[in-house]
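**Q** One structure is given below, represented as structure tokens, and several questions about it will come after.
The values are calculated or read from the model by the stated rules, or taken from the named source; none is laboratory data. Predicted, not measured: the structure shown is a model, and the values here were computed from it. Here Cβ is always computed from backbone atoms with ideal geometry, including for glycine, and neighbour counts include all displayed protein chains. Heads up: the accessible areas ignore ligands, DNA and RNA and are worked out on the full protein's heavy atoms, side chains in. Shrake-Rupley method; radii C 1.70, N 1.55, O 1.52, S 1.80 Å.
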Amino acid sequence: MTDASLSEASVESLFADAGALLDGHFILKSGRHAGRYLEKFLVLQNPRYGVEICRRLAEALAQHAPTLVVGPTTGGVLLSFETARQLGGDVRAAFAEPLPTGGRALRRGWAIGPDERVVIVDDILPTGASLVETVEAVRAAGAEPIAAAVIVDRSTEPVELGLPLHALGTVEIPSWEPDACELCEAGVALRKPGSSA
């Protein structure tokens, strides 16, 4: 894919071109099994794809006039920084880290005023759990988030955040409970994707 064609490509095409749309037999974080997997870090490791994705996130969120972009760790660190840079001006970036007791928090001493216009960015949306935790972290820090955006919406149920949610694209990936998995039945080797893949 040429640099000129990046801005015209679908999100699924960007993942495929980066070698990040994997085929095989995968165990998902939910415990379900799937025959395809979106490996976000194979896209985000390459600045040409990451910058294009964040340009689109910034474009989707610009209408909300944000002053702060927050993302959940780990992928949201890269996304929040580059999306804030693309929005320009004095827009800052922060990230919400997992707490040992569950949930997330903005911990690095970031001051957030009640009038801060906070938007949230995330990578892949399967269930919305990390987005919900990030919304709660922003509220706990004293601000009310006004919008969120994700690269890919893979959810099968509507995700209710109580604020506008923008998705750059959708990719349907069927998944099964382990005892009903067609790939297990066919004897296809199971992989756990992500940091251990």
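**Q** Based on DSSP, what percent of beta bridges with both residues in region 92-189 are antiparallel, to the nearest 5?
**A** Values: 2 of 13 bridges.
If we restrict to bridges inside region 92-189, about 15 percent are antiparallel.
**Q** For D179, D122, D153, write out the residues from largest to smallest accessible area, computed with a 1.4 angstrom probe and no ligands counted. Before the final figure, lay out each step's value.
**A** Details: D179 145, D122 10, D153 40 Å².
Heavy-atom accessible area, descending, gives D179, D153, D122.
**Q** Here is a further query. Would you list E133, E82 from the most to the least accessible area, probe 1.4 Å? Intermediate values should be presented prior to the final figure.
**A** Values: E133 55, E82 25 Å².
Largest accessible area first, the list is E133, E82.
**Q** How many percent of the alpha carbon pairs in region 1-113 exceed a separation of 17 Å?
**A** Looking at region 1-113, the distances longer than 17 Å represent 63 percent of pairs.
**Q** Given the rule -39500 (n - 2.57) for each run of at least 4 DSSP H residues, summed and divided by the residues of the chain, what is its mean residue ellipticity at 222 nm, to the nearest 500 deg cm²/dmol? Numbers along the way, then the final one.
**A** On the way: 7 runs with 60 residues, N = 197.
Dividing the helical sum by the residues of the chain leaves -8500 deg cm²/dmol.
**Q** Now a separate question. Among S80, S5, what's the order by accessible area (1.4 angstrom probe), most exposed first?
**A** Details: S80 0, S5 40 Å².
The ranking, largest first, comes out as S5, S80.
**Q** With a 1.4 Å probe and all protein chains kept in place, how much accessible area does V132 have, in Å² rounded to the nearest 10?
**A** Result for V132: roughly 50 Å² accessible.
**Q** Can you work out D for the chain in µm² s⁻¹ from Stokes-Einstein, where Rh is the Kirkwood radius over C-alpha pairs, the temperature is 4 °C and the viscosity is 1.567 mPa s?
**A** Values: Rh = 17.4 Å.
Translational D for this selection: 74 µm²/s.
**Q** For the chain, take the longest principal axis of its alpha carbons; what is the angle in degrees between that and the long axis of helix 75-87, to the nearest 10 within 0 to 90?
**A** With rounding to tens, the tilt is 50 degrees.
**Q** Would you please state which residues of region 5-38 a label at V188 would reach in this model, taking the label point 7 Å out along Cα→Cβ and a backbone N cut-off of under 13 Å?
**A** Zone members listed by number: 22-28, 33-38.
**Q** Return the sequence-ordered ³J(HN,Hα) values of region 126-131 in whole Hz as given by the Karplus equation 6.51 cos²θ - 1.76 cosθ + 1.60 applied to θ = phi - 60°, using x for Gly and Pro.
**A** Those phi angles translate into x, 10, x, 4, 5, 5 Hz.
**Q** Oh, and also: Taking every DSSP beta bridge that has both residues in the chain, what percent is antiparallel when rounded to the nearest 5?
**A** Numbers: 9 of 29 bridges.
Roughly 30 percent of the DSSP beta bridges within the chain come out antiparallel.
**Q** Would you look at the GNM of the chain, springs on alpha carbons closer than 10 Å, and say which of T134, T83, T74 moves the most?
**A** T74
**Q** If I ignore ligands, DNA and RNA and count only protein heavy atoms, how much of K192 is accessible to a 1.4 Å probe, in Å² to the nearest 10?
**A** Here the residue's solvent-accessible area equals roughly 140 Å².
**Q** Report the accessible area of R108, computed with a 1.4 Å probe over the heavy atoms of all protein chains in place, in Å² rounded to the nearest 10.
**A** In the full protein context, R108 sits at about 150 Å².
**Q** Kindly give the semi-axes, whole Å and largest first, of the ellipsoid equivalent to region 93-197, taking each as the square root of 5 times a Cα gyration tensor eigenvalue. Each step should come with its number before you reach the end.
**A** Working: eigenvalues 211, 53, 25 Å².
Equivalent-ellipsoid dimensions as semi-axes: 33, 16, 11 Å.
**Q** What Cys residues in the chain are without a partner cysteine, judged by a Cβ distance under 4.7 Å?
**A** So far as the 4.7 Å Cβ criterion goes, C54 stand without a partner in the chain.
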